[in-house]
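The values are calculated or read from the model by the stated rules, or taken from the named source; none is laboratory data. None of these values were measured; they are calculated from a predicted model. As a convention, Cβ positions derive from the backbone with ideal geometry for all residues, glycine included, and neighbour counts pool all protein chains shown.
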Amino acid sequence: MSTLLVIAKAPVAGRVKTRLTTRFTPEQAAGLARAALRDTLAAVLAAPAWRRVLVLDGQPGPWLPDGIEVVPQGTGGLDARLAAAFALADGPALLIGMDTPQVTPGLLASGLDFTGADAWFGPADDGGFWALGLAEPDPALLLGVPVSVPETGEVQRRRLTDAGLAVRDLPELCDVDTPADAERVARAAPRTRFAAVHSGLCAAAR
């Protein structure tokens with residue numbers, strides 16, 4: 001009875017992936033975000049979850065596939081919105097973002113297997129985290145954790161261990177935040193929609 005949660009922004013130009021606009025236009029950045037979100041949701045649909053929930057800031061569009069439940073994001077800081085997302089789950093849950101289009105159904109399946117684990121932690125190489133799984137979701141485990149700072153992941157993982165949880169780690173992944181990140185992820189996952197869009201944009205710019 002596990003739940004897969006994806007927290008995301010609707011891929012609207014000027015509202016998503018603004019750090020990519022040092023190289024790409026806002027429309028192009030939104031196109032990359034849309035491709036990343038589509039890749040992420042495709043992996044979610046192929047993973048062995050009971051519920052698949054998109055916790056969305058904004059409105060769904062044609063990019064949304066069938067089989068995904070959509071719930072509006074809560075208000076407040078990111079820690080509060082992540083905590084509110086976990087409150088939607090009735091049983092074990094794994095939460096991811098939209099910034100790792102290289103994620104696979106196999107990785108998600110690992111994070112949904114709580115045999116011998118109370119929590120799963122997926123570190124991001126920028127010091128944050130790309131995945132967090134809880135066998136017994138407790139929003140208090142996220143509230144007050146500083147976000148978007150180099151020590152975010154360290155603080156969040158310590159919050160889990162300090163609560164006495166047995167934590168297992170998923171592989172470290174690169175979040176797509178900057179143009180350099182986008183290039184790295186596109187090279188690492190060349191068969192994704194994200195890589196195809198990225199390749200097209202780079203070819204057009206030559």
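Looking only at region 156-170, decide whether some residue is over 23 Å from S110 (Cβ atoms) and either in contact with an Asp or Glu (Cβ under 8 Å, 6 or more places away or on another chain) or outside any loop (DSSP other than H, G, I, E, B) (or both).
For region 156-170, residues over 23 Å from S110 (Cβ atoms) and either in contact with an Asp or Glu (Cβ under 8 Å, 6 or more places away or on another chain) or outside any loop (DSSP other than H, G, I, E, B) (or both): present.
Which of the residues spanning region 3-28 are closer than 30 Å to L94 by Cα, surrounded by fewer than 19 Cβ atoms within 10 Å (Cβ to Cβ) and polar (S, T, N, Q)?
Result: T18, single match.
If we keep just the residues of region 182-206 that are at pLDDT 95 or above and closer than 11 Å to R23 by Cβ, which is nearest to the chain's Cα centre (by Cα)?
A182
If you check G91, G106, G116, which single one turns out to be over 14 Å from the mean Cα position of the chain (by Cα) and more than 18 Å from A47 (Cα to Cα)?
Exactly one residue qualifies, and that residue is G116.
Exactly one of these conditions fails for P62: (1) in a loop (DSSP other than H, G, I, E, B); (2) in contact with a strand residue (DSSP E or B) (Cβ under 8 Å, 6 or more places away or on another chain); (3) surrounded by fewer than 16 Cβ atoms within 10 Å (Cβ to Cβ). Give me its number.
(2)
For region 156-174, indicate whether the set of residues that are buried (at least 17 other Cβ atoms within 10 Å of the Cβ), more than 24 Å from T3 (Cβ to Cβ) and not β-branched (V, I, T) is non-empty.
Yes, the conditions are met somewhere in region 156-174.
Let me confirm something: among G144, G127, which residue is in contact with a Gly (Cβ under 8 Å, 6 or more places away or on another chain), on the phi > 0 side of the Ramachandran plot and either in contact (Cβ under 8 Å) with a residue 12 or more places away in the chain or surrounded by 20 or more Cβ atoms within 10 Å (Cβ to Cβ) (or both)?
The unique qualifying residue is G127.
Identify, from the list L88, L82, L95, the residue that is surrounded by 14 or more Cβ atoms within 10 Å (Cβ to Cβ), in contact with a strand residue (DSSP E or B) (Cβ under 8 Å, 6 or more places away or on another chain) and in a strand (DSSP E or B).
L95
Determine which member of the set A36, A49, A30 is in contact with a helix residue (DSSP H, G or I) (Cβ under 6 Å, 6 or more places away or on another chain) and either over 24 Å from T178 (Cβ atoms) or in a helix (DSSP H, G or I) (or both).
None of the other options fit; the residue is A36.
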